[in-house]
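Have a look at the structure below before the remarks.
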Amino acid sequence: VARQNTSVVVPLDPLLEEHGGDVGPRVEGEGAQWPSRRLRSLVAGVRQALGAEINVNLYLSAAGDTVLPPHTDKYDVFVVQLWGRKVWKTCVPRASSELSTLSEAEKGELRETQRHRADGCTRYAAEDLAERDEGELKCTERQLEPGDALYLPKGIVHVARTDQIAPAAHITIA
């Protein structure tokens, strides 16, 4: 368990591995399970579809909190909003005309490589994501509600901010 600001990041892999396909221990509440059968089924399906090991983390965020600073990851990430709301800012490099045929993911990976950070996990300052027409990055904001999903390709700069009114939770599958 890692604490960031007033929020908590919980790696779920040990729980998922410990209980395998079994129901797992019961917790309070009608029919509640931890980890849930649906989460284990989702993770197993993604592992099978991708033919790769994946990591799952749970992010519990206080109202108004930004759990992690703006950053890139060294792998693709799927985000699923569980409860509450978060505004996600994603940023891609502005491309010159000769690079305009590249996808946003390819532009992000190319920028990481040019910055000698091909392994990913580059941190950015909030000022780097400021909305400027001439800035290096073009940013978009979207709000995720419970049940919404977001795909973040490797190399895409991103940051999430929890709604000011209530806490929120999301999981990442990477």
Number of positions in the range 157-174 that are more than 22 Å from THR122 (Cα to Cα) and of a type in the set (A, V, I, L, M): 4
Those residues of the range 136-153 which are open to solvent by 50 Å² or more (accessible area, probe 1.4 Å) and assigned to a loop (DSSP other than H, G, I, E, B), in sequence order: GLU136, GLU145, PRO146, GLY147, ASP148
Filter result (open to solvent by 20 Å² or more (accessible area, probe 1.4 Å) and either closer than 12 Å to SER61 by Cβ or of a type in the set (Lys, Arg) (or both)) within the range 160-173: ARG161, ASP163, GLN164, ALA166, PRO167
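The values are calculated or read from the model by the stated rules, or taken from the named source; none is laboratory data. Just so we're clear, the structure is a prediction, and the values are computed from it rather than from any experiment. Note that each Cβ is placed from the backbone with ideal geometry, even for glycine, and that neighbours are counted across all protein chains shown. Accessible surface is based on the protein model in full, side chains and every heavy atom, while ligands, DNA and RNA are left aside. Shrake-Rupley method; radii C 1.70, N 1.55, O 1.52, S 1.80 Å.
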